[in-house]
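Notes for the one structure printed next.
The values are calculated or read from the model by the stated rules, or taken from the named source; none is laboratory data. Remember, it's a predicted structure, so these values are computed and weren't measured experimentally. FYI the Cβ positions are ideal-geometry reconstructions off the backbone, even for glycines, and counts take in every protein chain you see.
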Amino acid sequence: MRVSAAVLPDVGGRFECTEVDLAPPRAGEVLVRIRATGLCASDLNAVDGKRRLCPFPAVLGHEAAGEVVECGPGVTHCAAGDHVLLSIVPSCGTCRHCAAGRPNHCLVAGAAMAAGALLDGTSRLSTGADRLNHFLAVSSFAEYAVVPASGVVVLPPEMPFDAAALLSCAVLTGYGAAVNTADVRAGERVVVVGCGGVGLNIVQGARLRGAARIVAVDVTPEKLELARRMGATDVVDAGTTDPVAAVRDLVGGADAAFEALGREKTIQQAWQMLDVGGRLTLVGLLRTDATLTLDAGPFVNEQKVQGCYFGSADLRRDVAALVEHYLAGELLLDELISHRIGLADLDEAFARLRTGEGARSVCVLG
């Protein structure tokens, strides 16, 4: 079928809105009409070359929700007409990481994504005889996408598509970082450095876990105000004050700190914000091949540092919990959407993302 899509020809290029060919789903795959797709830092990392996430040319986009059009052979958990969330963590179910209960680190999915393919190693996207590459096995900057069924989660019909799209990446990553990776506990002091789409949802996850103090750190007053709405008890403007000193003045030190920017300087600051026994979770993605230097002194205080990928999420369990929280009014999603755009607006929207303007742009299709 022919579909409208935004194709990125190469790193540093501009999106080209054009028609592309999309082949039908094969076994274990699903054809989805994209109804909403968020703009994420992972997309921007690929656009700017901060991380090598796929070959080019490619159709980017991965934070998405839509409606099932057709299921390939062997797909039984969803059907045409279902409202669904699309995820960047499909899984084969049989590799050693899947067998160990870490499907978000599936070896088959990882290899496929690096090759710009679906799980069988091939692409459904092309322009004439020329192959186009998939992005993180989703490619949602298009009217339709063929995706692995293992990355599709059925949603209740009352869940709005634009809010559901955010659950696919930013919300699930931030919430999961707090709830799964760091296991924030009631009464703890939490610090979140970087209040973009992911950081704001770390704040929400910490609030839902009953943290006593949640300190949001950013350089943008607009984002700090939004962090208060998400549940931050305190905010620190790192553009006007020493954030380490400010956090220590406020709470004495953090039991759990999160860095959601992927920058060495802010990671070092978050490390210095910890109290004795505190744990630092690195959620922001550093550049490919980046190295990190930390002051070794705090290790004698039994401080810990750990990585985080996709909030250590169990896709179906955590999405179901987030939908329940949203429908009960406990999880704020609509407030995160600062801009609603079309495919033709992607370059402008990514320019805003580079400068940190707004919380989340969502591309609405139909």
Exercise for review: Confirm whether Gly356 is in contact with a Gly (Cβ under 9 Å, 6 or more places away or on another chain) and either in the same structural domain as Ala6 (by TED's automatic domain parsing) or without any contact (Cβ under 8 Å) to a residue 12 or more places away in the chain (or both).
Suggested key: yes
Check your understanding: Counting just the residues of the stretch 185-198 that are within 17 Å of the chain's Cα centre (by Cα) and more than 26 Å from Ser139 (Cβ to Cβ), which one comes out surrounded by the fewest Cβ atoms within 10 Å (Cβ to Cβ)?
Key -> Gly194
Practice item. Would you point out the residue of the stretch 283-297, among those that are modelled with pLDDT of 90 or more and surrounded by 15 or more Cβ atoms within 10 Å (Cβ to Cβ), that is farthest from Ala164 (Cα to Cα)? Key: Leu294
Point to revise | Answer from Ala178, Ala227, Ala182, Ala206 - the residue that is closer than 21 Å to Leu285 by Cβ, modelled with pLDDT of 95 or more, in contact with a Cys (Cβ under 6 Å, 6 or more places away or on another chain) and crowded, with 24+ Cβ neighbours inside 10 Å | key: Ala227
Review point. Out of all the residues in the stretch 5-13, is one or more over 26 Å from Val108 (Cβ atoms), surrounded by fewer than 22 Cβ atoms within 10 Å (Cβ to Cβ), of a type outside the set (Val, Ile, Thr) and under 18 Å from the mean Cα position of the chain (by Cα)?
Key: no
Exercise for review: Among the numbered conditions (1) in contact with a Gly (Cβ under 9 Å, 6 or more places away or on another chain); (2) closer than 30 Å to Ala245 by Cβ; (3) free of Cβ contacts under 8 Å to residues at least 12 places away in the same chain, tell me where Arg131 comes up short.
Suggested key: (2)
Review point. Failed condition for Ala65, given (1) closer than 13 Å to Ser139 by Cα; (2) touching a Gly at 6+ places or on another chain (Cβ under 6 Å), with all others met?
Key: (2)
**Study point:** Residue selected from the stretch 256-279 under the condition within 24 Å of the chain's Cα centre (by Cα), assigned to a strand (DSSP E or B) and not small (Gly, Ala, Ser), by the criterion surrounded by the most Cβ atoms within 10 Å (Cβ to Cβ)
**Key:** Phe258
Revision key, fill the gap. Residue pairs within 6 Å by beta carbon, gap of at least six or interchain, first lying in the stretch 298-327 and more than 15 Å from Ala65 (Cβ to Cβ), second among the basic types (Lys, Arg) and crowded, with 16+ Cβ neighbours inside 10 Å, listed first then second, are Lys304/Arg279
Practice item. Could you list all residues from the stretch 307-366 that are touching a Leu at 6+ places or on another chain (Cβ under 8 Å) and charged (D, E, K, R)? Key: Asp318, Glu330, Glu335, Arg354, Arg360
Revision key, fill the gap. Selection over the stretch 49-90 where residues are of a type outside the set (Gly, Ala, Ser) and not in a loop (DSSP other than H, G, I, E, B) yields a count of 11
Review point. Of these, Ala109, Ala165, Ala145, which one is crowded, with 24+ Cβ neighbours inside 10 Å, assigned to a helix (DSSP H, G or I) and in contact (Cβ under 8 Å) with a residue 60 or more places away in the chain?
Key: Ala165
Review point. Among the listed residues Ala349, Ala320, Ala344, which satisfies the condition of being in contact with a Cys (Cβ under 6 Å, 6 or more places away or on another chain) and either part of a helix (DSSP H, G or I) or in the same structural domain as Ser87 (by TED's automatic domain parsing) (or both)?
Key: Ala344
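Right, Val190: touching a residue at least 24 places away in the same chain (Cβ under 8 Å) and farther than 21 Å from Ser42 by Cβ or not?
yes
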Revision key, fill the gap. Taking the stretch 128-184 and keeping residues among the β-branched types (Val, Ile, Thr) and either more than 17 Å from Thr37 (Cβ to Cβ) or within 14 Å of the chain's Cα centre (by Cα) (or both) leaves Val138, Val154, Val171, Thr173, Val179, Thr181, Val184
